[in-house]
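Before any comments, here is the structure.
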Amino acid sequence: QVQLVESGGGLVQPGGSLRLSCAASGSIFSIYAMGWYRQAPGKQRELVALITSGGSTNYADSVKGRFTISRDNAKSTIYLQMNSLKPEDTAVYYCKFSRIGGSDWGQGTQVTVSS
């Protein structure tokens, strides 16, 4: 099992930036993909960005060109740099690590984009 701790959410004005972090501990040797998801009130949880153990990335169309997912293997941490934020980006953001035998979720961090 992998334990995930997220940080970096908050309130930001439209056009602003935030960086989310997700630090992992535990059985991280079998992880093959890491991602960020979000869930807005009344909506289903959706994939925002994904990075594989090989370094390939994938983004939701709604965030392409604005968000960047990255990782620091030495710190067992992934990041989500969010630029040009829009009110529709408001949601609880979760990180997810997929490993052989299952997956693990972070506790979520609130991102609110509002003037």
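The values are calculated or read from the model by the stated rules, or taken from the named source; none is laboratory data. These figures come from a predicted structure and were not determined experimentally. As a convention, Cβ positions derive from the backbone with ideal geometry for all residues, glycine included, and neighbour counts pool all protein chains shown. Just the protein is used for accessible areas: all its heavy atoms, side chains included, with ligands, DNA and RNA removed. Shrake-Rupley method; radii C 1.70, N 1.55, O 1.52, S 1.80 Å.
For (1) over 19 Å from residue 102 (Cα atoms); (2) open to solvent by 40 Å² or more (accessible area, probe 1.4 Å); (3) in contact (Cβ under 8 Å) with a residue 40 or more places away in the chain, each residue gets a yes or a no:
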{"site": "16", "(1), (2), (3)": "yes, no, yes"}
{"site": "19", "(1), (2), (3)": "yes, yes, yes"}
{"site": "34", "(1), (2), (3)": "no, no, yes"}
{"site": "37", "(1), (2), (3)": "no, yes, yes"}
{"site": "48", "(1), (2), (3)": "yes, no, yes"}
{"site": "53", "(1), (2), (3)": "no, yes, no"}
{"site": "58", "(1), (2), (3)": "yes, yes, no"}
{"site": "62", "(1), (2), (3)": "yes, yes, no"}
{"site": "67", "(1), (2), (3)": "yes, no, no"}
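For the stretch 69-115, filtering for residues that are within 12 Å of the chain's Cα centre (by Cα) and open to solvent by less than 70 Å² (accessible area, probe 1.4 Å) leaves 19.
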